[in-house]
Amino acid sequence: MEAWRKGMLKSLFVPGGVLLLIAVMLLQGGLLPISASAVAFYYFAAFAAGALLAWRFHSSQILFALLFIFLAHRALEFFSAGHPVSIGPGRIAFEAIAFLLPINLVFLLLSRERGLQLPAILPRLGSLFLQSVFVAVICRPGSVKAPFPLHVELFSHAWFRWTPIPQLSLLILLGAVILSLVRLFQHGKPVDGGFLWTTLAVFAALQSGAVGKVATAYWATAGLVLLSSIIETSYTIAYHDELTNLPGRRAFNDALLRLEKPYTVAAVDIDHFKSVNDTYGHDIGDEVLRMVASRLARVTGGGTAYRVGGEEFTVLFPGRSVKHVASHLEDLRVAVENSVFRFRGGQERRSAARGPDRRTAARKKNAQPSRDVYRDGLSVTVSIGVAEATAPMLEPEQVIKAADKALYRAKKSGRNRIEQAGNTRTRAKQSIA
Ligand code: GH3
Ligand code: MG
Ligand code: MG
C-alpha cells in the first residue's frame, strides 16, 4: 500500500509539478534575475522541442495541446501589443482565450490518442481555424467588450478582485484540473499528469497578465510540462511491462547495476500456467497474469517486483537478507493463493481455447489448473526460489541462478511453496487442494 501511494505521489508531482514549482520559485521569488532574451529562448525552445517530440512519438494529443497554447499566446501578444490591457481588443482576446483554451485542453485530454493520421487531425485543425476566426472577429479594431457570456458574473464581484481571469474561465480551469486529477488516479498515465500541470501553468500565465516576461515564462513552462510528459511516457514504455504495469526486464537490468550487498533475489513463477492458457484461453491467461502482478506489486519488506519473462517474475530486496524477507514472501505466496480471479461467462471462455493450445491440452494428460475452478473464478499459485548474496555468490548473475535453482526445486517438490538456495528444507510446505 505504501509503495502504491509513493508511486502515485511521484506520478502526480514528477516531472510537471516540480517544473512548475521551479518556475514559480524563479519567477515569483526573484531568486535569479532572468533576462527577457533568456525567457524568449526558453519559450521557443520548449515549444519547438515539444512539437518535435510529439511528432516523433505520434502524439496528436500533445502536439495539438502545444499548438493551442502557443497560438493562444501569440494571439494575446498580438491583440494586446505586448503588455496587459484592461479594455479593448487586448482584453477581449484575454477573455476569449481564457475561456477557449481550457475547454480545448479538456477536449484533448478526453480524446483518444489516434496518432497523426489525417482523419484524426483534420477535425482539430478545423476547430482551431474556427476558433481563430471567432477570436479575430470579436477582437477587431474598435471593439470594446467581449460577448457577454465570456465575462458573465456567476458570483459576487468582490470575491474575484485577486484575479484578472473571468469567473467562467476560472470554473473551466478548475474543471480541467479536477478532470486530469481524476484521470491520473484512474489510469496513472504521464499524459494526465502533463495536462494537470499544464493547465496550472496556463492559469499562472493568465494570472500574471498573459503577456510580458513573467507570463511568457509560464506559457513556456506549460509547453515544457507537456514535453516532459512525452519523455515520461517513453520512459514508462521502455521500463514498464505494458500488460502488467510492473517494471520490466530493462528496469530489472538497471536495478542489478545499482545493487550492493546485502540483497536478496526471489524468482517467482506461476504454477501450471500453461494449463490456465490451454483451459481458458490466452486472454484469461493475460488477466490472471495481471492479477498475480498486482499482488506482486504490493509485496512488503522493501521488495520490488519485475516481470522478467512471460509468467516469470523477480522480486529484488536491496539491503535485505533471506531471513528478513522470508515472512514477506510467505505473505505474498498466500496472497496469490487466496486471490480468486473472477470472470464472466466461464464456460464460454473455456471453449474459447483454440488451435494448438487446445490440442496440447488434450494430449497432455496431467494438464490441469493448479487450483480447482470455482463457479466463475479460478485461482492460481506461485512457486518461489530465494537466494541472497553471500560469499562465494557475489555477482548478481550467480545469485539469480541460485534463486532459479531453488525455484526449480520448489516446482519439483510440489509447487506453491518457497525454497531457499543452498537449503534443501522446504520452507513453506503447502499441499495443493
Ligand atoms: P510450471 O508450474 O512448471 O511453471 O508450469 P507452467 O505451465 O507454468 O510452465 P511453463 O513455464 O512451461 O509455461 C509457461 C507458459 O506461460 C507458457 C506460455 O504459454 C505462457 N505465457 C508466457 N507469457 C504469457 C503471456 O504474456 N500471456 C499468457 N496468457 N500466457 C503466457
Ligand atoms: Mg510456470
Ligand atoms: Mg515458466
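Pairs linking a residue in the range 410-423 that is under 14 Å from HIS272 (Cα atoms) and modelled with pLDDT of 95 or more to a residue that is open to solvent by 40 Å² or more (accessible area, probe 1.4 Å) and assigned to a loop (DSSP other than H, G, I, E, B), with Cβ atoms under 6 Å and 6 or more positions apart or on different chains, are ASN416/GLN430; ASN416/ILE432; ARG417/LYS429; ARG417/GLN430.
Out of curiosity, is LEU9 open to solvent by 40 Å² or more (accessible area, probe 1.4 Å), free of Cβ contacts under 8 Å to residues at least 60 places away in the same chain and within 15 Å of SER228 (Cβ to Cβ)?
On the way: open to solvent by 40 Å² or more (accessible area, probe 1.4 Å): yes; free of Cβ contacts under 8 Å to residues at least 60 places away in the same chain: yes; within 15 Å of SER228 (Cβ to Cβ): no.
Criteria not met by LEU9.
Would you tally the residues in the range 111-135 being touching a residue at least 40 places away in the same chain (Cβ under 8 Å) and more than 34 Å from the chain's Cα centre (by Cα)? Residues flagged as touching a residue at least 40 places away in the same chain (Cβ under 8 Å) and more than 34 Å from the chain's Cα centre (by Cα) within the range 111-135 amount to 1.
For the range 182-279, the helices (runs of 4 or more DSSP H) that sit wholly inside it and include 1 or more residues that are surrounded by fewer than 21 Cβ atoms within 10 Å (Cβ to Cβ), within 15 Å of the chain's Cα centre (by Cα) and in contact (Cβ under 8 Å) with a residue 24 or more places away in the chain are 213-239. What about PHE317, is it open to solvent by less than 70 Å² (accessible area, probe 1.4 Å), modelled with pLDDT of 95 or more, within 15 Å of ligand 2 (Cβ to nearest atom) and among the hydrophobic types (A, V, I, L, M, F, W, C)? Judged against the criteria, PHE317 is not a match. I want to confirm something. Restricting to the range 249-287 and keeping residues that are among the charged types (D, E, K, R) and near ligand 1 (Cβ under 10 Å from one of its atoms), which single residue is nearest to GLU419 (Cα to Cα)? Across the range 249-287, the extreme among qualifying residues is ASP269. Scanning the range 44-81 for residues that are closer than 21 Å to GLY115 by Cβ, touching a residue at least 60 places away in the same chain (Cβ under 8 Å) and not small (Gly, Ala, Ser) gives PHE47, LEU53, TRP55, PHE57, GLN61, ILE62, PHE64, LEU66, LEU67, PHE68, ILE69, PHE70.
ASP286 falls short on exactly one of the conditions (1) within 23 Å of the chain's Cα centre (by Cα); (2) away from ligand 2 (no atom under 16 Å from the Cβ); (3) surrounded by fewer than 16 Cβ atoms within 10 Å (Cβ to Cβ), and that condition is (2).
Candidates are the residues of the range 289-300 that are of a type in the set (D, E, K, R) and either more than 17 Å from ILE384 (Cα to Cα) or outside any helix (DSSP H, G or I) (or both); the one that is least open to solvent (accessible area, probe 1.4 Å) is ARG290. I'd like to check something: does the range 314-327 contain any residue that is within 16 Å of ligand 3 (Cβ to nearest atom) and touching a helix residue (DSSP H, G or I) at 6+ places or on another chain (Cβ under 9 Å)? The answer is yes; a qualifying residue exists. Taking the numbered list (1) modelled with pLDDT under 95; (2) more than 16 Å from ligand 1 (Cβ to nearest atom); (3) out of contact with any helix residue (DSSP H, G or I) (no Cβ under 6 Å at 6 or more places or on another chain) in turn, THR304 passes all entries but (1). With a requirement of 2 or more residues that are β-branched (Val, Ile, Thr), the helices (runs of 4 or more DSSP H) lying completely within the range 1-118 that satisfy it span 16-28, 60-79, 89-110. Name the single residue, out of those in the range 154-181 being of a type in the set (S, T, N, Q) and outside any helix (DSSP H, G or I), that is least open to solvent (accessible area, probe 1.4 Å). Here the answer is THR163.
Does ASP192 satisfy being outside the structural domain of SER60 (by TED's automatic domain parsing), out of contact with any strand residue (DSSP E or B) (no Cβ under 7 Å at 6 or more places or on another chain) and among the acidic types (Asp, Glu)? In short, no.
The values are calculated or read from the model by the stated rules, or taken from the named source; none is laboratory data. Computed from a predicted model, the values in this text were never measured in an experiment. Glycine also receives a Cβ, built like all others from the backbone with ideal geometry; neighbour counts cover every protein chain displayed. Areas reflect the complete protein model, heavy atoms only, side chains present, ligands, DNA and RNA absent. Shrake-Rupley method; radii C 1.70, N 1.55, O 1.52, S 1.80 Å.
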